[in-house]
Structure formats: structure tokens, C-alpha cells
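In what follows, a structure is listed as C-alpha cells, so that the remarks can point back to it.
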Amino acid sequence: MPTLTDFLYYSPNWNYIGVTIGESGSIILVYLLYIILCVAVLIIVGRYSAFNRTAAVSRRKIMRNVALGILGTMVLLQVVCQQSFLIKLIKRFSNQTIGQKYKYLFGPTYSYVRFVLNHAHERCAGKLITDLNINGTLEPYILKYFLYPDVDVLSETSDPTCLIIFRKANPEQSVPDNFEIVGKFDAQSLIALRKKTGI
Amino acid sequence: MIFLFIIALVFPAALGYLLLKSLRFSCSAKTALSLSFLLGLGVIALWMLLLLIFHQALTLSGIVIPLVLLFGILYVFLRRNYSPICFFQSPPAFNLSVRQRIFLYGAVFFIAHQLYFVFLAAGLTPIASWDGIYAIAVKSKYLFYGGQLEGLKNFYITSSYPIQMELDVTWLALVLNQWDDQLLKYIFPIFLLAYLPLQYDFVKDFSDRSKALLSVVLVLCSYFLIYHSTIEYRSIFFLVYNLMPVFLIFRAFQRNEPTSLILAGIFAGLSAFIKLEGTGHFLIYVLLILYTTLKSENRSIKAGLLCQVKFLVPALLISVPFWLVKNMYHLGSFEGRLGLQITGFTDRLIPVLSTILQNLFLSGNWSILWFVLLIFVLTAQKASFRSPAIQYIGLTLLLYFALYIGLGLFTTTFSILYYDPYTNLSRTILHFFPLCPILIALLSERNKD
């Protein structure tokens, strides 16, 4: 069953009628509506043709009204589902700080952001080291977005003062000698700052 | 904070109003308000881009003072003979039947519900969508704190995307004097709110109030449009700026109003400053001007060329600066991935058409609006198709489909647009989707009562 986070990342192939209906279900639902539409048109047109040939209402008008009627029904169902979605949203997010909302939405990645910001005491030029696909996953961008401007991973400097190592196998091996690990988040994530050289 | 946010919205509206009045564009108060807001945001973004090109810091005073001076002077010089916008028009005389009353109350309730949903859903969740984090909000945040264009090349594939929206969000943050992940999101539902009166007035101008209201109700039936008004994607921005030239070109020829053509050019230029597709849509606008010229009484080559110039000069003047920036700062080249691919186009014909049909008729994006349109077209009386507005909107819709089918068949876009029936294609269709409900409304027959 999809969670609220799934709904926040709405996938258009889910028909929104029926809050818990996924991809395949949604298509069946649309087919079903088309079948209902066709049957309704056939029945109404058939009835008028057989019993009421002189009726002022034309088949054309019937078809249009039936189409609008089905659309109206779909929209009505959609409005009901929108209400149920809103209730979930309000229950989940009202009276929460932005930090709590992000914690729910981005989970451990956001926790890592807070961890890094707590350990990087001053603004620094950072470098992100990760095994994640930079262009195929959102996590590296979540880090870049939330860390900026305190830890500037966006500018991609060649002379970083801070290493943001996230979801990297054997992260310690990625830390050069002139950096020191100032905090470990988990087995694959840590933060390292450049060692201060005394004059 | 909310007060500052309101100021951040009112200032562009005031700026846009001066521009609108300088152009002597006459329209209803609600259209003027929406157009002014859209124009003002575009002008502010362009000015911010110029500041960045000349390595000037993005400060409030650096943006506000020159723009106020410039537009104040422009207004003083050009204001003669303008027709004032009446903000307090007397309400239309309502003499409605019971059926019309039910429709009116139902429509107003539905529109209010959808807007309430959009604002509440957008307001409860902070910036968190894929494009928001991946491209839009992150670039805005970079421009807000960094204030330079150099770093944009580090945004990989999205570095080549136009940045009007990013600059508009940066403008809001500058007025707020801080980055607010929650408040900044309200700009997206506000765009939906700004669009609805424009569509209403466009349809009303060439039909009647009930059809205009019906078109607004129908456009809000699409859950995809509603959803996109609650998230940080550029689609809702682009939809509005993309359709303005379509509306204004028709108005220009129906009312013999050259100002509308200039305004259409400005909006076309701004649409190219929001999304790469905007530049491609110039082709559609040019063809629409050609079509309307051929349909008008004065169809000389000179008159046609003059119309094209009136449209293209502002459009190019506005869209060129970002293309220069792209070259100056080597901002990637997403469009470089788009090449001609003539061979094998017959193999792509069926996948392209089936993907589009699947999206239109089977996805959960548009409710069954495309099906309703099909029914309305098939059951329309021949006389309906003689209406210039129906011909124009129908042609525009066909041109958009022709463009994207052509791109799928003859360019490498196929792999981007049509790799699945839902992801990118849905957003592409969204940019011109309101033409579908508009056409349904125009094809609908008015009840005698």
C-alpha cells in the first residue's frame, strides 16, 4: 500500500480515483469507466431510437450529456479522494517544523545533513564523495541543496576543506592524510575536515 | 514574513501594470492584474540576469530602484491616450434560470475547492519535489547566496535550462531576506490562480460567460494540473507563459490590436526564458500569425511581415540574453543531445502515436477530458466549425501535436519524450492541455434558458 511519501511524489500513471490504486489498477479503472460510458450511451440511444423516435433530444446531445455525466462522476470521486489526501496531509504535517517535515520526507539522508551541519562549525568548501549515481538519484542533490551555503558542495571546488562522504563503501579509505575524520554517521557515511596546519 | 511575501508579489504586479499601460493595452481588471503580475516577474528576472551578466550583486535596491525609475519614465512618456482600467466595474446583471444558477453555484464551489486544495497541499509540504531539489530550488538558492552565474555549469544536465523561474524564486527570497523552504512554495499555486482569469476572459471575449466558466471548471478537472500547481516544477510557469501568446495572437487579429501582438511577443520571449521548449514554440506562434493574417481582411505580404516583426522583435530581444549567457558560461547543452534522426522514422510512428494516445486516454492525468473532447468534436454541428475561435484553438492544438509527433519521428527526442507513456510526455502535454477544455467549452451549446 503506498505511503504518504508516495503520494507526494505522484506518479501520473496512477489514476487518482481510489487513493490506494496503483498503476495496473488505475488502467483497469479507466477501462471500466469507458465501458460504463459506452454502455450508457448505447442504452440511452437505443431507448430513444426504439421508443421515442420523435424525441426532441438528439442522440448527439445524449452522447454529450452522458460524456459530461461520466466526467462529473469521475471529478466527484476525485474531489472525495482529494479530501482524504488532504486529511492525511494535515494529520501528518500540520504543527510540524520544517526540519520534522524533511526528516519524514528524506529520512536518513536528511539526518546526515543535520549531522554534517553539526560537525562543520564554520562555512567550508566541500566535496561530495559517494558511490551513488550522481545523475540518477536524488540523494546527492538533497545533500547539495540542504548543505548549501554552510557547506558549499555546489561549487565543486578543486581545493576542498571538507569531505562529505556519503554511502561510500569503506569511506575511511577516501580520506587523504591531510584530512581528519570528525564524525562518523554510519558504516558508509562520515565527514572529514582538512587538518589545521600550525604556523 | 507574510507581509514581505505579499510585497514581493505586489511589486512585480505594479511594474507589469506600468508596462501594460505604457503599451496602452486595455482589458478587464482581473486580466490586467494577472498579466501585470506575469509581466512584472518576467521583467524582474530579466533585469536580475543583466545584473548577473555584468557581475553586479543581486541586492533589493539594485533591482528595485532602477526598475522603478525606468518604468516610471516609460509610463510618463507613453501614458497619453491610454484607456484606464476600471477596477470597480458594475457586476453583470444576473437574470439566471434555475439550471444556470445550479451550474453557477456548482462551478464556483468546485473552483474554490480546487484552489483551496492547491494552496493547502502546497503550503503543508516544503520544497521537496525531484525537480525542486535537483534543479530549480537548488539553483535559486545558489543564486540567492552565491549571486553569480559561474557556478551554474556545475548543475550538469540542468545547467543549460533557462532560469527565469529560478530568478523569480530568488527575487522572493531577496525580499524575504532569507531562504524559506515553505513560503517560497506558494508561488506555484499563485501561478494557477493568475492563469484562471486569463483563460476565463479569453473564452468570454469570443463566446459568453457560461462557456468561459465551463472552460475554467474543465481545466481544473485535470488532476495533473492540480498536482503540478502544488510542486516545484517549471511546468505551471511554462503553461501560463506558453499559452499567453496563443490567446493574444487571436485577440490581436480579432480586435485589430497590434499591442496584443507585441505583448504576445513579450510572453513568447519569456516562455523561452523559462523552458527550452519555449524557443521551439516560436514556430507555432509564427504559423498562428501566418494563419490569422491569411484569415484577416488585410492579407498583403507587407502586412503579414509587419505582424511577424511586431511579434518576433520582442520575443527575440527577451530570449537572446539567456542564450548569450549559455555561450559565455558554457552552460552545458541539453539541446545538443537533440539531433536529426530521419532514418527509421516509420518504425517510430506507431510507438509515438500509441504513446500519445495512451497518455491522453488511459492515464490518470486528464480525467476523461480528451475523450469528452473527442465526443464533442464528433457530435458537433457543422456550423460550430465555422467559428473563428474554434478553428483557431483547434489548429493550435493540432500544431502542438504535430510539433511533438514530428520531434518524436525525426529527431533524437524520441528517446527522451516517448521512452514511456507518462513521465516527460505528460509534462509536455500539460503545457498546452488547457486548449482541450477551452475547445470543449467552445463546442458546447448554450442552453436556451
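Summary of values
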read-out: Residue selected from the range B:390-449 under the condition assigned to a loop (DSSP other than H, G, I, E, B) and β-branched (Val, Ile, Thr), by the criterion surrounded by the fewest Cβ atoms within 10 Å (Cβ to Cβ); value: B:412
read-out: Matching residues in the range B:145-167 - criterion: being surrounded by fewer than 24 Cβ atoms within 10 Å (Cβ to Cβ) and not hydroxyl-bearing (Ser, Thr, Tyr); value: B:146, B:147, B:148, B:149, B:150, B:151, B:153, B:154, B:155, B:157
read-out: Every pair of residues 6+ apart whose Cβ atoms lie under 6 Å, when the first sits in the range B:261-290 and is among the acidic types (Asp, Glu) while the second is in a helix (DSSP H, G or I) and open to solvent by 10 Å² or more (accessible area, probe 1.4 Å); value: none
read-out: Which numbered condition residue A:154 fails, given (1) within 13 Å of chain B (Cβ to nearest Cβ); (2) of a type outside the set (Asp, Glu); (3) surrounded by fewer than 18 Cβ atoms within 10 Å (Cβ to Cβ); (4) assigned to a loop (DSSP other than H, G, I, E, B); value: (3)
read-out: Residue within the range A:29-44 that is more than 21 Å from residue B:230 (Cβ to Cβ), of a type outside the set (A, V, I, L, M, F, W, C) and at pLDDT below 65 present; value: yes
read-out: Qualifying residue in the range A:107-122 (condition: open to solvent by 60 Å² or more (accessible area, probe 1.4 Å), assigned to a loop (DSSP other than H, G, I, E, B), modelled with pLDDT under 85 and in the same structural domain as residue A:164 (by TED's automatic domain parsing)); value: yes
read-out: Residue match in the range B:203-225 (condition: farther than 19 Å from residue B:109 by Cα, within 14 Å of another protein chain (Cβ to nearest Cβ) and open to solvent by less than 10 Å² (accessible area, probe 1.4 Å)); value: yes
read-out: Residue count, the range B:367-389 (criterion: open to solvent by 30 Å² or more (accessible area, probe 1.4 Å) and not hydroxyl-bearing (Ser, Thr, Tyr)); value: 10
read-out: Residue A:143 being open to solvent by less than 70 Å² (accessible area, probe 1.4 Å), of a type outside the set (Lys, Arg), part of a helix (DSSP H, G or I) and in contact (Cβ under 8 Å) with a residue 40 or more places away in the chain; value: no
read-out: Residue among B:442, B:409 that is closer than 23 Å to residue B:240 by Cβ and hydrophobic (A, V, I, L, M, F, W, C); value: B:442
read-out: Residue check, residue A:85 over 30 Å from residue B:437 (Cα atoms) and either open to solvent by 60 Å² or more (accessible area, probe 1.4 Å) or more than 7 Å from chain B (Cβ to nearest Cβ) (or both); value: no
read-out: The lone exception for residue B:130 - which of (1) more than 10 Å from every other protein chain (Cβ to nearest Cβ); (2) without any contact (Cβ under 8 Å) to a residue 24 or more places away in the chain; (3) among the hydrophobic types (A, V, I, L, M, F, W, C) it fails; value: (1)
read-out: Test result for residue B:343, of a type in the set (Ser, Thr, Tyr) and open to solvent by 60 Å² or more (accessible area, probe 1.4 Å); value: yes
read-out: Qualifying residue in the range A:82-103 (condition: under 18 Å from the mean Cα position of the chain (by Cα), assigned by TED's automatic domain parsing to the domain that holds residue A:186 and within 23 Å of residue B:156 (Cβ to Cβ)); value: no
read-out: Candidate set: the range B:319-360, residues that are within 24 Å of the chain's Cα centre (by Cα) and more than 21 Å from residue B:407 (Cα to Cα); chosen: the one modelled with the lowest pLDDT; value: B:326
read-out: Subset of the range B:11-43 (residues that are open to solvent by less than 10 Å² (accessible area, probe 1.4 Å) and not in a helix (DSSP H, G or I)); value: B:25
read-out: Residue count for the range A:172-199, restricted to those that are open to solvent by less than 40 Å² (accessible area, probe 1.4 Å) and free of Cβ contacts under 8 Å to residues at least 24 places away in the same chain; value: 2
read-out: Subset of the range B:130-144 (residues that are farther than 25 Å from residue B:324 by Cα and either in contact with a Cys (Cβ under 8 Å, 6 or more places away or on another chain) or open to solvent by 10 Å² or more (accessible area, probe 1.4 Å) (or both)); value: B:130
read-out: Conditions (1) outside any helix (DSSP H, G or I); (2) under 19 Å from residue B:46 (Cβ atoms): number failed by residue B:318; value: (1)
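The values are calculated or read from the model by the stated rules, or taken from the named source; none is laboratory data. Here the structure is a predicted model, which is why all the values come from computation and not from measurement. Using ideal geometry, Cβ is built from the backbone for each residue, glycine included, and neighbour counts are taken over all protein chains shown. All accessible areas refer to the heavy atoms of the entire protein, side chains included, with ligands and DNA or RNA removed. Shrake-Rupley method; radii C 1.70, N 1.55, O 1.52, S 1.80 Å.
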